[in-house]
Structures are given as C-alpha cells and as structure tokens.
C-alpha cells in the first residue's frame, strides 16, 4: 500500500493524519473551518464537548516535546477523550520488532487513536500500517519528514490574520534541511495556492529536493524578506546537526537572525511566526519575538483547536457513508 | 418537483403565534439584563429565534446554538464544518432560557441542545418553543409552546427553508435518492 493513500479510507475520508503530502485542498480547508468552530470551546465555563467521549487516545512521545504534547493532551481532554501519555525511552527501542511490540501491547488496551512522535522519518506511517482497522494514527512529528498538525496550525494562524492565500508572499527562514515543520508547511501552502513561498537559508541548510517543492530560494535574508506578508522562522536544530554545517551560532545570527531592522524589509503589516521552541538571539532577536508583529503565542492556542478539528474529523469520518 | 402538496400555514403566522405565547415571559418592568435569554438552534431554529427576538425583546441577548458536537449520532453523521459555531450570551446562570427550534421530532436535538446549554452555565429554567411538532418522539421530551402540530406520512419529513423568505415544505425522503 502506498504511503500516500494510507491516510484516506476507501471513501476518501481522513482515517490517519500522517503527512500533508497526499492530502487535498478540500481536506485542508475542512480542517481549518472545523478548527474555527472549536475556538469558542475555550471561552466556555465547561471547556469540553463530548465528541471523543468513551474513546481512548494514547500519546506516544519517543522524543521530547512540550508544546505539541500538551496541546494534543488538552485537545483530547476538551473532546472528552480518556487519555494515556507515555514518554518512551528511545535508547532501549529501535524501530522494528520492539515498536511493533509497543503497538500490539497498547492495542490490547483498546486504544482508539494513537498520537506518535518519533525520531525516525516514516515511523507514523509504519505505525498506521500495523494498527487494527478502525484504529487511527496521528503524526506528531517523525524525524525530518513531516509534522502535519504544526503546519495546519500555522495555516490557521495565517488565515486568521491574512485570509486569502492566493495573494500572499510567505517566507520560511532557517534550518529547512532538518525541519519536518518546513516540509509540511510547504506542501500545505502549495495546496492552498499561495502566491509565493520563499525559502531563505544558508546553502548548507537546504535539502537537495527543495527546488522540486515549487519554492523560491534565497540565501540572503534581507533580499528574501522584501515585500513578504508572513515570516516563518524555524528553530536551528542543534540536536540534529551531525556535522559542522555552520561556523557558529553567532555567525548564524549575524546572517540569518531576524532583527527588527531586517523585518522592516517585509510589508509593514507582516506577521512573524515560529513553531517553537525558539532560540532567542540565534534565529530571532528577543525584541522581535515579543514585538507587536509576533503571533507566536497565538499559534500555541490555535494548536489546540486545530488538533481538536483533526481528531473530530477522523472520528466523524464514518458519516456520509453510503453503505448498508 | 419536490414535495407533495400539503396545505401548510405560513411561517409568519406560526412565528406570530409563538411570539404571543412567549410575551408573558418578558414583563415590561424588568431591565433587559434580567429578561429571559432567547436561544435558537442552528439553522432553522435560529431564524425563528431571531424573528421572535426582534418582535419581543430586541434589546436582550440572542444566542445561537450549533449542537453538532453534542449529537448522539455524531460518529454516524460526522461534522458539518459549514455550520456556524455556537454563540451564547455570557451569564445564563440563573436565567430563564427560551430555547427555540423549527421542528420537534425524535427529541434528540433538544437533548443535545440542553446538554450544551448546561456547559455554559445553569439556567433557572428552560422553556422550549417549537414551530412544528410532528410527534413520533424517541425520548421523553415535550415542548412548552407549540405553534402547530402536524402528522406526516411515514417517509416524509418537513423542512424549514430560509432565511429569506422562511418557508416550510414537506419532502419525501425518496427525493434525496438520486
């Protein structure tokens, strides 16, 4: 079975959420629209709706996470799911038999949905291939491959501020090579027909296939930021750097750090985003991160609504089925 | 051609009947903040609630309830992302809530609506006002105020189209099969 089709059932409905690649514009838009309905849940006395009542969700984090994990957990709780969160020690686990063992053990506990983060690219797909029919898998970040819910919350944030993607110039700045977030974002922005997607990075941090993704490449931040509407900064992923791709953090900031002066090259109403966690003073100046063009903390809040939307759509997918 | 011909009263007349019956709940000596809160269920119930609200107490808060997330058949019918989210006035605690819907049938919608309302607070009482009661309840829920009671042939259903104009039509379920 191809990895692309794995996330859709025979009726084209979302059954797993593994990657933006392989989805279509209709599904992306449905997620964004549904997320909008969920934003009001946070304003209630009782911040809960009963959509996942009686369902059990397991959060399996084979890699550390704060934001993604806590917003997934809150999203699950606001949908009334029972939840189980495991930090799995990666040193003892290797992909293959032991991961399969984990799956089968958890399945024996009647889990309905898995949220998984793993250092290996493709691990969420692997999981989805081996769960029982009816059990769903959501990718919370797999290696350098994809982080699709992060891309969805980024899209949601952009739509919230800028509406029409077909008029937008969007720059993604930084460590593209190691970024599963960037990969998901580029696929998603292309699906929504974004006018222009720019990737700004040192040549050493660009993956070989970037050009095939239909983006404009820049290795000069100041030129790349000119007239853009949205600036997405990426974290310099020190833990994923195996070889010396950069002279020093200081040098990186001098060339690719987002300062207010540089941001002023973008449109005056441009917004600044960052998936977190940010290295202040490495890829972004502290004052820009806390400045009035920054929507970084808003992204975190939207992450809850977007994750609620994805899980609800998956659980509600049996709707509109023509069988019987 | 959709629907069998059945003489249905005009929606305007029915809304007027509801308005008259609800007026006593809005004593003129109470300030708007202490008046009942009118809440309509998306989408038809909200249209009617809107009309009643305009006629009786336009200065009070009007709520809109989208019960999609509370439906007991959610996993069967899925989500409808095009339906607008619920907007309820803050502070329904201790208030009288006038809950408005277009058609009362199985009673499941009202159950879901009441579950959702209680997630916003604890009203003093809920008055259920319905445009059309078509009977055939599946759970023990009854309306306090009904503008019209009708019986439908098996396999038919009644639908409120709107918002401009508001119009009732009876449709055969077979019409949906193409």
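We did not get these values from a lab; they are worked out from the coordinates using the rules stated. Bear in mind the structure is a predicted one, so any value in this text is a computation, not a measurement. Methodologically, a virtual Cβ is constructed for each residue, glycine included, from the backbone with ideal geometry; neighbour enumeration extends over all protein chains shown.
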Q: Rounded to the nearest 10 degrees, what's the angle between the helix A:296-315 long axis and the longest principal axis of chain A, both from Cα atoms, 0 to 90?
A: 30 degrees
Q) What span do the alpha-carbon atoms of the range B:112-178 cover on each of the three principal axes, reported in whole Å from largest to smallest? A) 44, 30, 25
Q. Assuming R0 = 22 Å, what is the FRET efficiency of residue B:141 and residue B:73, from their Cβ-Cβ distance, to the nearest 0.05?
A. 0.90
Q | Selected from B:49, B:113, B:129 as most flexible by GNM, with chain B as the system and alpha-carbon contacts under 10 Å | A | B:113
Q.
Under a crude label model (7 Å from the Cα following the beta-carbon direction), how far is residue B:7 from residue A:10 in nanometres?
A. 5.1 nm
Q) For the range B:1-152, what is Rg from Cα atoms divided by 2.2 N^0.38 Å, rounded to two decimals? A) 1.04
Q. Tell me, what is the percent relative contact order of chain B, built from C-alpha pairs under 8 Å that lie six or more residues apart?
A. 24 percent
**Q.** Estimated inter-spin distance, residue A:222 and residue A:208, nm [label 7 Å along Cα→Cβ]
**A.** 3.4 nm
Q.
If I build a Gaussian network model for chain A, linking alpha-carbon pairs within less than 10 angstrom, which residue out of A:305, A:287, A:123 has the largest mean-square fluctuation?
A. A:287
Q) Which FRET efficiency value, to the nearest 0.05, is calculated for residue B:106 and residue A:42 with the Förster distance at 35 angstrom and r the Cβ-Cβ distance? A) 0.70
Q: Give me Rg over Rh for the range A:160-300, both radii from the alpha carbons and Rh done the Kirkwood way, two decimal places.
A: 0.93
Q) Kirkwood hydrodynamic radius (Cα pairs, Å) of the range A:177-243? A) 12.7 Å
Q | Point-to-point label distance, residue A:24-residue A:264, nm (Cα→Cβ direction, 7 Å offset) | A | 4.8 nm
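I need A:264, B:61 ordered by Cβ neighbour count within 10 Å, fewest first.
Going from sparsest to densest Cβ surroundings: A:264, B:61.
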Q | Calculated Rg and Dmax of the range A:112-159 using C-alpha coordinates, Å | A | 11.8, 36
Q: Specify the angular offset, from 0 to 90 degrees and rounded to the nearest 10, of the alpha carbon long axis of helix A:180-191 from the longest principal axis of the alpha carbons in chain A.
A: 90 degrees
**Q.** Relative contact order (%) - chain A, alpha-carbon pairs under 8 angstrom, separation at least six
**A.** 19 percent
Q. So how compact is chain A: Cα radius of gyration and Dmax in angstrom?
A. 19.5, 64
**Q.** Antiparallel bridges, percent of DSSP beta bridges restricted to the protein assembly as shown (to nearest 5)
**A.** 15 percent
Q | Order of A:272, A:231 under a 10 Å beta carbon neighbour criterion, fewest first | A | A:272, A:231
Q: Using only the Cα atoms of the range A:83-180, construct the convex hull and provide its projected area averaged over every direction, in square nanometres to one decimal.
A: 8.5 nm²
Q: With springs only between Cα atoms under 10 Å apart, run a GNM on chain A and tell me which of A:155, A:18, A:106 wobbles the most.
A: A:106
Q. What value, in deg cm²/dmol to 500, does the helix sum -39500 (n - 2.57) over DSSP H runs of n ≥ 4 give at 222 nm once divided by the residues of the protein assembly as shown?
A. -9000 deg cm²/dmol
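In what order do A:208, A:215 fall by count of nearby beta-carbon atoms within 10 Å, going from fewest to most?
In increasing order of surrounding Cβ atoms, one gets A:208, A:215.
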Q) For the range A:260-309, what value does the Rg/Rh ratio take when both radii are computed over Cα atoms and Rh is the Kirkwood radius, given to two decimals? A) 1.03
